[in-house]
Amino acid sequence: MTNLVKLLTAGLLALSLIGCGDGLSLGGSSAARLDTSSEQAYEASLKEVTAPMTAAEKRQFQADLSNIVVSAQLVKMSSSGNASPDEVQAEVLAELDGKTAKQVSDMAKKYREQLSH
């Protein structure tokens, strides 16, 4: 689980360091996608995905990523009680891989809805 935490912490730190973009909404036409195949690929793809975002959109995207990680851990650990932290980490990274900013936003919404029931 520590690798996932490190990977996402590095990504969230990168988000906080990225300057403001010219404002492409999360539902925009950007084809940039997250690549979770390695820490370096994730950091590079995170910069590409967030480059066109405004500061507010970047904050929302950061919140969505955090929500996904925490929610996925809660949902997956409770639904499959014998899943190891490494298995949960692999599932979360696989779910995030290839996602656009809009898809990440939709994914975070789905987890929020699952946890509210």
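Tabulated data for the structure shown
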quantity	calculated
Residue satisfying all of: in the range 80-97; at pLDDT below 85 and not in a helix (DSSP H, G or I); farthest from His117 (Cα to Cα) among these	Ser84
Condition check for Ala14: assigned to a helix (DSSP H, G or I), modelled with pLDDT under 60 and hydrophobic (A, V, I, L, M, F, W, C)	yes
Flag for Lys109 being on the phi < 0 side of the Ramachandran plot and surrounded by fewer than 15 Cβ atoms within 10 Å (Cβ to Cβ)	yes
Qualifying residue in the range 70-79 (condition: over 25 Å from His117 (Cβ atoms) and either part of a helix (DSSP H, G or I) or at pLDDT below 95 (or both))	no
Residue match in the range 30-46 (condition: modelled with pLDDT of 95 or more, more than 16 Å from the chain's Cα centre (by Cα), more than 30 Å from His117 (Cβ to Cβ) and surrounded by fewer than 19 Cβ atoms within 10 Å (Cβ to Cβ))	no
Every pair of residues 6+ apart whose Cβ atoms lie under 6 Å, when the first sits in the range 98-114 and is farther than 9 Å from Asn67 by Cα while the second is surrounded by 14 or more Cβ atoms within 10 Å (Cβ to Cβ) and β-branched (Val, Ile, Thr)	Ala101/Val49; Met107/Ile68; Gln114/Val75
Exclusive hit being part of a loop (DSSP other than H, G, I, E, B), among the aliphatic types (A, V, I, L, M) and within 20 Å of Leu34 (Cα to Cα), set Met107, Met53	Met53
Glu48 vs. criteria closer than 15 Å to Gln103 by Cβ, assigned to a helix (DSSP H, G or I) and in contact with a Leu (Cβ under 8 Å, 6 or more places away or on another chain)	no
Test result for Ser71, in contact with a Phe, Trp or Tyr (Cβ under 6 Å, 6 or more places away or on another chain), touching a residue at least 12 places away in the same chain (Cβ under 8 Å) and not charged (D, E, K, R)	yes
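The values are calculated or read from the model by the stated rules, or taken from the named source; none is laboratory data. What you are looking at is a predicted structure, and each value in this text was computed from that prediction instead of being measured. As a convention, Cβ positions derive from the backbone with ideal geometry for all residues, glycine included, and neighbour counts pool all protein chains shown.
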